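All remarks here apply to the structure that follows.
The values are calculated or read from the model by the stated rules, or taken from the named source; none is laboratory data. Model, not experiment: these values are computed from the prediction. Cβ placement follows ideal geometry from the backbone for every residue including glycine, while neighbour counts extend to all protein chains displayed. The protein model used for the area step is the full one, side chains on, heavy atoms only, and it has no ligands, DNA or RNA in it. Shrake-Rupley method; radii C 1.70, N 1.55, O 1.52, S 1.80 Å.
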Amino acid sequence: MSSAKVSATPAKSGFFASKPRSAAHQRLYARAVVPSVIDDDIDTLVNYPETPEARRSYISKKTNRPVTDFQYRVYDACRQVPKGYYTTYKAMADFLQSGPRAVGNALAKNPFCPLP
């Protein structure tokens with residue numbers, strides 16, 4: 001699993017624009033829906049279940065379903081990335097012998113954000 005040190009000042013990207021540039025982008029921008037609920041709660045920490053019994057009994061508040069074994073494998077791999085470093089879905093997928101889309105889906109449903 002490769003990772004690199006994160007820069008203290010993020011680089012500005014010219015790829016992202018504040019306004020749509022083409023007619024197609026303008027149509028998509030006009031139809032974009034603002035989410036009704038934005039999960040900005042970064043102060044509430046949910047204890048990460050360590051034991052197999054606690055993992056089986058934990059129900060995610062985001063999905064109201066149990067967290068799967070694969071999701072726990074992704075979260076465990078995510079915990080191995082040192083603070084101040086980053087990785088990619090592809091690198092995590094290679095480490096887990098899985099696909100990057102599956103890793104992204106698991107992280108999107110992570111009930112333990114901003115940790116593990």
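Loop-located trypsin sites (Lys or Arg not before Pro) in region 55-104 (DSSP state other than H, G, I, E, B) with a sparse environment of at most 15 neighbouring Cβ atoms within 10 Å: Lys61, Lys62, Lys83. A full extension of the chain between Thr68 and Ser22 corresponds to an added length of 12.4 nm, given 0.36 nm per residue minus the alpha carbon distance. Heavy-atom accessible area with a 1.4 Å probe sorts Phe112, Phe95, largest first, into Phe95, Phe112.
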